[in-house]
Amino acid sequence: MSVSFNFLKFILRKAAKRTIQRYKPTVVGITGSAGKTMAKEAIYTVLSHKFKVRKNAENFNNEIGVPLTILGVDPRLSTANIKPNNWPRLLKFWWNLFPAFWRAYGPFDPNYPEILVLEMAAAKPGDIDYLVDIARPKVGVVTTVGDIPVHVEYYPSPSAVAKEKARLVEALVDQNSLAVLNFDDKVVLDMQNKIKAPVLTMGLSSKADIWASGISYFVSDDGENVGGISFKVNKESTFVPFKVSGVVGIHQIYSLLSAVAVGLHFGINIIDASVALEKMELPGGRMRLIEGIKNSKIIDDTYNASPLAVHAALETLKSLADATERFTQERIRRIAVLGDMKELGKYTEQAHRSIGNIACEIADIVITVGDAAKFIADSAMSQKMKDNIYSFSTSREAKDKVKKIIEAGDGNDLVLIKGSHSMKMDEIVDEIKI
């Protein structure tokens, strides 16, 4: 790590801590191996109904992105895209930091947010402690961890990843705080044993404090496509109906439930949360249903990938295709385009083969992208899927094949596209969307 990067970290950390100490915003921290960004967007949507709120841009959730969010600087201006000899960009970056330092050390800004909703990554050991030291949360949310979590390559074991993520909710120290945990993920639920603050669980099980039931897809205005998901949110003996446009993954309901739980902590009732979430703005590249060529539909889930998230995406491919068949009374062809899942270390082959076992049960056609993803194809082929499996090294090579397959079809294709960010799976989406 360069001296200049360490200096930047030091400066941002000092200024961000000063800003937190000065303005005393309530911090909502979110972590997990999947669903963090969706949860952040949902929580922001609900809390914005009543408060001045700021959130991370996109998924800028590390030691640079979180301080910049606190300081009110767009993290997309960070040093990630700045080369040491690029003086114009360097000057622009530091110029954009000036108002943030002024806010931290100059006259008091009465418009500073009341609440900060901060997604916090645990890409390596010590990350959560570093971020919590800057902005100690009053509310902590853990979405899910799973058996083989993302970033496990940089940890001794999967359990070490879980322990790192648990540091977020272990930092909640008083009875006015709140930990929101996924009841259906045993690894997450077990975190409650070391938490001093009150705990609110959410999930699809009726044993959770807040749970969803009656889950179904609703038809879009054209009467032919899926418009979103409807369900009931239950708490104690009452329930409130929810109808959220654009959401197509049942696993995304966990993020919506976390927003309901956080909203209750801040005095926002479940009915108001339902109204706020009805038309929430969904993050790009995460379970977005978009129009494709030849009347195809694309599940754009290209931003990143972990074993848990890919499994959930494949289940969405199945459930969404089933629902569309009910609406249209036509057979939907299921196409899964799956790229490498990165940062899994010694679990790489095992995780990809496991996905192959699932993909062959759900998809009519499987297309893999990357060296590790070839284990998906090999596993699917060894199970029962002898035909309609194609493997490519890069998304650039794969996109032409995907396009040809759709063009040769009958116009009833549902295409899931998912892989780690570095696999550039969005290039395939760009090739086949309209």
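The values are calculated or read from the model by the stated rules, or taken from the named source; none is laboratory data. For clarity, every value in this text was computed on a predicted model and none was experimentally measured. Because the Cβ atoms are built from the backbone with ideal geometry, glycine has one as well, and the counts that use them run over all protein chains shown.
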Cβ pairs under 9 Å, 6+ apart or interchain, first in the range 36-57 and not assigned by TED's automatic domain parsing to the domain that holds LEU71, second part of a helix (DSSP H, G or I) and among the polar types (S, T, N, Q), ordered by first then second residue, are none
In the set ILE148, ILE210, ILE229, ILE215, the lone residue that is more than 19 Å from ALA273 (Cβ to Cβ) and either surrounded by 21 or more Cβ atoms within 10 Å (Cβ to Cβ) or outside the structural domain of LEU308 (by TED's automatic domain parsing) (or both) is ILE148
Per the filter on the range 232-250, residues within 16 Å of ILE43 (Cα to Cα) and either within 15 Å of the chain's Cα centre (by Cα) or not assigned by TED's automatic domain parsing to the domain that holds GLY35 (or both) are VAL247
If we scan the range 309-318, do we find a residue that is in a helix (DSSP H, G or I), under 21 Å from SER33 (Cβ atoms), touching a strand residue (DSSP E or B) at 6+ places or on another chain (Cβ under 8 Å) and of a type in the set (Gly, Ala, Ser)? yes
When restricted to ALA162, ALA212, the only residue under 24 Å from ASN234 (Cα atoms), small (Gly, Ala, Ser) and out of contact with any Gly (no Cβ under 7 Å at 6 or more places or on another chain) is ALA212
Residue hits (the range 219-240; in contact with a helix residue (DSSP H, G or I) (Cβ under 9 Å, 6 or more places away or on another chain), assigned to a strand (DSSP E or B) and farther than 25 Å from HIS265 by Cβ) are VAL219, VAL226
Restricted to the range 16-61 and to residues being polar (S, T, N, Q) and part of a loop (DSSP other than H, G, I, E, B), the residue surrounded by the most Cβ atoms within 10 Å (Cβ to Cβ) is SER33
Per the filter on the range 19-39, residues over 16 Å from LEU178 (Cα atoms) and hydroxyl-bearing (Ser, Thr, Tyr) are THR19, TYR23, SER33, THR37
